[in-house]
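Bear in mind these aren't lab numbers, they're just calculated from the coordinates by the rules spelled out. Bear in mind that the values here come from a model prediction, so they are computed numbers and not experimental data. Cβ coordinates were reconstructed from backbone atoms using ideal geometry, including for glycine residues, and neighbour counts include every protein chain displayed.
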Amino acid sequence: METILIMCLGVLAGATVFPRALGKWNQRFQTAATALLIFTMGVGLGSRPDFVAEVGEIGLESLILAVVPVALSVAVVYPLSRRFLQKRDQPGGEVE
C-alpha cells in the first residue's frame, strides 16, 4: 500500500510541480532509481536463507504473473483492434 501511495504522489508531483525543462534529468533520475530498486530487490531475495530451495517456486509464480496479464491483454486488445481500427488496404483507411 505504501508503494502505491508513493507512486501516486510521484505522478502528482510530476504532473503539477516538476518543470518540463528538467525532463532529461528526470529521465536520468528514474533510470538510477529503477536500478537501485532492482538492486535492493536482489539483495532482499539473496538474503533469504531458503532462496536456493525456493527458486523453482518463485520462478513458476513469476512466469504465471507475467504470462497471464500478457495473454489477457492480447485476448482483449486483438479483437478490439480488429473491430475499431481500419486496415490501410481498405478504401478510406489511409492515414493522412
Cα gyration tensor shape for segment 1-49, rounded if a/c is under 1.5, else prolate or oblate: oblate
If unit charges are put on Cβ atoms (+1 for Lys and Arg, -1 for Asp and Glu) and the dipole of the chain is taken about its Cα centre, the option from S62, T40, G14 lying farthest towards the positive end turns out to be G14
Between segment 61-83 and segment 1-52, the Cα center-to-center distance that results, in Å: 26
Would you mind computing the Rg to Rh ratio of the chain from its alpha-carbon coordinates, Kirkwood style for Rh? 1.15
Which angle from 0 to 90°, rounded to the nearest 10, does the C-alpha axis of helix 23-46 make with the longest principal axis of the chain? 50
With n ≥ 4 as the cut-off for DSSP H runs, can you work out [θ] at 222 nm for the chain, using -39500 (n - 2.57) per run divided by the number of residues, rounded to the nearest 500? -27000 deg cm²/dmol
In this structure, the FRET efficiency calculated for T31 and L9 from their beta-carbon separation, with R0 = 25 Å, to the nearest 0.05, is 0.80
